1. Roughly what % of Cα-Cα distances in region 19-108 sit above 17 Å, to the whole percent?
2. Reachable lysines from Lys62, Cα under 28 Å, same-chain residues fewer than 8 places away excluded?
3. Give the shape of region 119-189 as rounded, prolate or oblate, defined through the alpha-carbon gyration tensor: a ≥ b ≥ c are the square roots of its eigenvalues, a/c under 1.5 means rounded, and otherwise the shape is prolate if a/b is larger than b/c and oblate if not.
4. Quick one: Val41, Val164, Val195, Val94, fewest Cβ neighbours within 10 Å first, how do they rank?
5. So what's the net charge close to Thr40: Lys and Arg +1, Asp and Glu -1, counting the other residues with Cβ under 12 Å from its Cβ?
6. Quick one: compute a quarter of the convex hull surface over the Cα atoms of region 70-196 and quote it in nm².
7. Can you put Ile173, Ile140, Ile131 in order of Cβ neighbours within 10 angstrom, beginning with the fewest?
8. Pull out the extension gain between Ala103 and Asp75, defined as 0.36 nm times the separation in residues minus the alpha carbon to alpha carbon distance; nm, one decimal.
Amino acid sequence: MSVTVITYDRAMGRWEPNARGRLAQAAMALYAERGFEQTTVAEIAARAGLTERTFFRHFADKREVLFYGTDMARDLLTRAVADAPASATPAEAVGAALQAFGALLQENPERVRLRDAIVSAHPELRERELIKLAALAAAITGALRDRGVPEPAASLAAEAGIAVFKVAFARWIGEPGQPDLPGILRESMKELRGVLIDPAGRLSCEPAGTT
């Protein structure tokens, strides 16, 4: 059962249910209808039945509607790494975190795909997306260090994990008939291990004859 969050908007003089969610929903609908650049904050607030003042209470600007979930994603990933079994390797801990993140995105695939289409169409938003992914990689690195994983192993595992996420996410977005995102992430992590380690258990990047 979901819980409705109630906040009081003094400017409007009445109780407003889940103002942030209403603003985000209104913004995404307008971005799809009119385009990101053509949509104004005033239009978003009006569509949500709220004021511009309320919008800026929840979002710094209209771009932030597309990125306000970054903090939640960072918390989810770091918690999942921390909660991995003590026996888990760095790659296994990262894989578990990515699957948890994928499950979150899978809850509303239509919105995720709409957001991706909007972000992909604008260079400034694509740049912001890269900054977000870098922040998530840094958070995973920190969580691995907290587990006692030394450098450079922590950074390598985190960066490899984000690379896997990018490839798996693009596949999921580009092929709607694909299985769920957590499943694609799980397969992609296995494929990465297959690329790096040959049947003899040797790193594939090692020269022949290396012991």
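1. Numbers: 2275 of 4005 pairs.
The calculated P(r) of region 19-108 puts 57 percent of pairs beyond 17 Å.
2. Filter leaves Lys132, Lys166.
3. It is oblate, given that a/c is not under 1.5 and a/b is not larger than b/c.
4. Ranking Val41, Val164, Val195, Val94 by Cβ neighbours within 10 Å, fewest first, gives Val195, Val41, Val164, Val94.
5. Taking every other residue near Thr40 into account, the sum is -1.
6. Values: hull surface 30.9 nm².
For region 70-196, averaging the hull's shadow over all directions gives 7.7 nm².
7. Placing the least packed residue first, the sequence is Ile131, Ile173, Ile140.
8. 8.6 nm
Only the coordinates and a few stated rules stand behind these numbers; no lab work does. Keep in mind the model is a prediction, meaning the values are calculated, not measured. Cβ sites come from the backbone with ideal geometry, for glycine too, and all protein chains shown count toward neighbours.
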